[in-house]
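The values are calculated or read from the model by the stated rules, or taken from the named source; none is laboratory data. Values in this document were obtained by computation on a predicted structure and should not be read as measured data. Cβ: placed from backbone, ideal geometry, glycine included. Neighbour counts: every protein chain shown. The protein model used for the area step is the full one, side chains on, heavy atoms only, and it has no ligands, DNA or RNA in it. Shrake-Rupley method; radii C 1.70, N 1.55, O 1.52, S 1.80 Å.
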Amino acid sequence: MTLSQNNAKKWMLLFVLCFSMIFAFFPQSKAEASGTRTFTTEDGLWDNTAYLTYWPGTNIVEKNVQVDVWNLTRISDNYNPFAVRPTQLSVRLCNASSKQCTEYKTFNTIKSGYGRVQFYNVLPGVYNVDIKDHIYWTKVSGKNLVIEWR
């Protein structure tokens, strides 16, 4: 092995170490999902959970939370399901320990039958997701997904 090959290997090793240190000290944007859940409004149960943790070694405390809904079906008294628009639903986040909740936010329609709401700058903690409908004398069922990112 020649002297120039040794120097090249040393420089390559130094480059790889420096490059990996950049990502260690400046983490990239990260998203975590709490999972897809089936929900029914007016059942008295939480519809999903968001687990927001603090990342040590960073100055980022708050996270953002996104709630998506789809496969929405109206459940009437005689159990005849028919279409529901996402704008007929709202969602809030309730802190599991302090019991304080955000205001309800109405879902925006992203595409036909698919809705989304985003909450920004949410402090770390465990949050229960509560979805409600704005339809008189009926319940709504569907799927929801909670994604946390910073």
inquiry  = Give me the net charge for the shell around residue 117: Cβ to Cβ below 9 angstrom, other residues only, Lys and Arg +1, Asp and Glu -1.
reply    = +1
request  = Report the extension gain between residue 54 and residue 36 in nm, rounded to one decimal, defined as 0.36 nm multiplied by the number of residues separating them, less their alpha carbon distance.
outcome  = 4.2 nm
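Using the Cβ atoms and a cut-off under 9 Å, what net charge is assigned to the surroundings of residue 39, where Lys and Arg are +1 and Asp and Glu are -1?
Working: positive: 37, 143; negative: 43, 47.
My count for the surroundings of residue 39 gives 0.
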note = Using a 1.4 Å probe on heavy atoms of the protein chains only, the accessible area for residue 123 in Å², nearest 10, reads 100
ask   = Using a simple spin-label model with points 7 Å from Cα along the Cα→Cβ vector, what separation in nm is obtained for residue 139 and residue 83?
value = 2.4
message = Need one value: the accessible area of residue 110 in square angstrom, 1.4 angstrom probe, rounded to the nearest 10.
response = 90
remark   = Cα-based Rg and Dmax for the stretch 60-150, in Å, come out at 14.1, 50
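Can you flag which of 63/143; 111/139; 63/111; 63/105 are past 19 Å Cα-Cα? Please report the intermediate quantities before stating the final value.
Numbers: 63/143 23 Å; 111/139 22 Å; 63/111 25 Å; 63/105 17 Å.
Exceeds cut-off: 63/143; 111/139; 63/111.
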message = Can you give me the % of accessible surface on the stretch 102-150 that is carbon or sulfur? Probe 1.4 Å, all protein chains present, nothing else counted.
response = 54
Largest-first ordering by accessible area, 1.4 Å probe, given options 120, 54, 114, 136 = 136, 120, 54, 114
inquiry  = Taking the full set of protein chains and a 1.4 angstrom probe, give the accessible area of residue 98 in square angstrom, rounded to the nearest 10.
reply    = 60
note = With the label point 7 Å along the Cα-to-beta-carbon line of residue 73 and a cut-off under 11 Å to each amide N, the hits in the stretch 103-141 are 141
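Please report the net charge: other residues with Cβ closer than 13 Å to the Cβ of residue 106, K and R +1, D and E -1. List each step's numbers first, then the result.
Details: positive: 85, 92, 105, 116, 132; negative: 103, 133.
Once positives and negatives cancel, what remains is +3.
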key: Listed residue (124, 83, 142) projecting farthest to the positive dipole end of the stretch 83-147, Cβ model   = 83
